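The values are calculated or read from the model by the stated rules, or taken from the named source; none is laboratory data. Since the model is a prediction, treat every value here as computed from it, not as a measurement. As a convention, Cβ positions derive from the backbone with ideal geometry for all residues, glycine included, and neighbour counts pool all protein chains shown.
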Amino acid sequence: MTYQEIIEKINAGLQKAVDDFKAEAAKLRSNRLSPALLEDVEVNCFGSFMPMKQLGAIANASPRELTVELWDKSYVEGVVKAVEQAELNLGVRIDDKTIYFSAPPLTEESRQNVIKLLDKMKEEAFQVLRRFRDKAWKDMQDACVRGELREDDKFRGRDKLDETTREYREKMEEIAKRKEEEIKG
């Protein structure tokens, strides 16, 4: 086993960590509401829970207003209740099968709270990257002990592993930076 193969094995996990962080960051509230805010809100429909994105089309009506055009009028009550339980602090207006969710502008205090939450999410995502890196480094050390990997290849592998991890970390930093700018308005 070569160090390249060990690094190749964790690349998918590293990319998934970046994608997961990007999806979670998209759900954070900024001055511009994103449909991602509502997509995964679980709605109780006739005794079973479904994500809102399966019950209707979610779109931006304006920067601070989202519309949910439901496939069936019977979902209205469950959707409104689910959004209230999610504590998203959105105003609600119902027009037949369409629900309008609007948000007041963020205050400076609420902006700071959202940025703190973003920082916490970023740190958790970095921990995931570190776990992948640590596992790959341990695999390289074990392969070296078993004689499958030469000592100098192990250290070349560590350098390459650090470089790869740093690239994914920088991607996360960029996502967080863009989201923070969006939150600050």
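A quick yes/no check of all residues on (1) at pLDDT below 85; (2) crowded, with 17+ Cβ neighbours inside 10 Å:
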| position | (1), (2) |
| --- | --- |
| 2 | yes, no |
| 17 | no, yes |
| 21 | no, yes |
| 24 | no, yes |
| 31 | yes, no |
| 41 | yes, yes |
| 62 | yes, no |
| 87 | yes, no |
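Got at least one residue in segment 5-27 being within 23 Å of residue 118 (Cα to Cα), outside any helix (DSSP H, G or I) and under 21 Å from the mean Cα position of the chain (by Cα)? So that I can check it myself, show each step before the final result.
To start, the set of residues in segment 5-27 that are within 23 Å of residue 118 (Cα to Cα) comprises 13-27.
In the following step, the residues that additionally are outside any helix (DSSP H, G or I) were identified as 27.
Among the residues that remain, those that are also under 21 Å from the mean Cα position of the chain (by Cα) are: 27.
For segment 5-27, residues within 23 Å of residue 118 (Cα to Cα), outside any helix (DSSP H, G or I) and under 21 Å from the mean Cα position of the chain (by Cα): present.
Only one residue in 93, 133 is of a type in the set (Lys, Arg) and either under 19 Å from residue 23 (Cα atoms) or in contact (Cβ under 8 Å) with a residue 24 or more places away in the chain (or both). Which one? Steps first, answer last, please.
On the way: 93 fails: either under 19 Å from residue 23 (Cα atoms) or in contact (Cβ under 8 Å) with a residue 24 or more places away in the chain (or both).
Of 93, 133, the one residue that is of a type in the set (Lys, Arg) and either under 19 Å from residue 23 (Cα atoms) or in contact (Cβ under 8 Å) with a residue 24 or more places away in the chain (or both) is 133.
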Worksheet item: Filter segment 117-171 for residues that are surrounded by 12 or more Cβ atoms within 10 Å (Cβ to Cβ) and not in a helix (DSSP H, G or I); which is modelled with the lowest pLDDT?
Response: 149
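How many of the residues in segment 44-60 are in contact with a Phe, Trp or Tyr (Cβ under 7 Å, 6 or more places away or on another chain) and at pLDDT 85 or above?
The initial filter retains those residues of segment 44-60 that are in contact with a Phe, Trp or Tyr (Cβ under 7 Å, 6 or more places away or on another chain), namely 45, 55-56.
Filter again for at pLDDT 85 or above, leaving 55-56.
Looking only at that region, the number is 2.
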